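Here's the structure, in structure tokens; my notes come after.
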Amino acid sequence: MSKSSITVKQVVYSGVAIALATVIATVIKLPSLPNGGSITLFSMLIVCLVGYWYGPKVGIIAALAYGVLQFITGPYVVHPAQVLLDFPLAFGALGLSGFFSKSKHGLLKGYLVGVAGRFLFHEISGFIFYTTYVGDFGGNMAAIWASTLYNLSYILPEAILTVILIALPPVEKVMGRLKVMATSSN
């Protein structure tokens, strides 16, 4: 087996993380906004954990799979470009957390980058959605603001809650132990 191949253990841990994040995102969430988007209890963190454990390759693959599941379980699409932007790409960006898997405070850094990536793809999608209804430059500026405010209304509160959670010393310790379990050769 080459060093770059994905192991059975990585597939299993990634699958469990994706399943847990999917259950949280579909069952345990605050009320959804009218056009999609909701604050969940740390589902983005759970997806980012895969990248934190295994690096960007496995993290991005798992996050893309999670995005496809999000599309299957609750799509909200007005424009065809949104299928790609709001689901595999936006959620796939959570896998960017893997680029920080070996850095000090890697989970926190990776989480923030993953969430920023998700926001960027939702922002582009929202811009497409809102510009469908307006046609001039002033309207397009309004569309940018509408997309920004809408997407921040659910991504930012969850991100703030998660950063607070990650910063708690006992949680940081547990996350470190989980990483050791996920990456050990046993």
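The values are calculated or read from the model by the stated rules, or taken from the named source; none is laboratory data. Note that this is a predicted model, so its numbers are computed, not measured. Here the Cβ is made from the backbone with ideal geometry for all residues, glycine too, and neighbour counts use every protein chain on show.
Within the span defined as the range 93-100, one or more residues are over 18 Å from residue 25 (Cβ atoms), surrounded by 15 or more Cβ atoms within 10 Å (Cβ to Cβ) and of a type in the set (Gly, Ala, Ser). In this structure, does residue 111 turn out to be of a type in the set (Ser, Thr, Tyr), out of contact with any helix residue (DSSP H, G or I) (no Cβ under 7 Å at 6 or more places or on another chain), at pLDDT 85 or above and surrounded by 15 or more Cβ atoms within 10 Å (Cβ to Cβ)? So residue 111 fails the test.
In the range 103-131, the residues that are small (Gly, Ala, Ser) never reach a residue that is buried (at least 24 other Cβ atoms within 10 Å of the Cβ) and not in a helix (DSSP H, G or I) with C-beta atoms less than 6 angstrom apart, at least six apart or across chains. The helices (runs of 4 or more DSSP H) falling completely within the range 97-186 that include 2 or more residues that are closer than 18 Å to residue 85 by Cα and out of contact with any Phe, Trp or Tyr (no Cβ under 9 Å at 6 or more places or on another chain) map to 106-131, 137-167.
Which ones in the range 141-184 are polar (S, T, N, Q) and within 27 Å of residue 14 (Cβ to Cβ)?
151, 162, 183, 184
Quick check, is residue 167 closer than 20 Å to residue 21 by Cβ and hydrophobic (A, V, I, L, M, F, W, C)? No, not satisfied. Of the residues screened, residue 52 is one that is surrounded by 19 or more Cβ atoms within 10 Å (Cβ to Cβ), closer than 24 Å to residue 169 by Cα, among the hydroxyl-bearing types (Ser, Thr, Tyr) and modelled with pLDDT of 95 or more.
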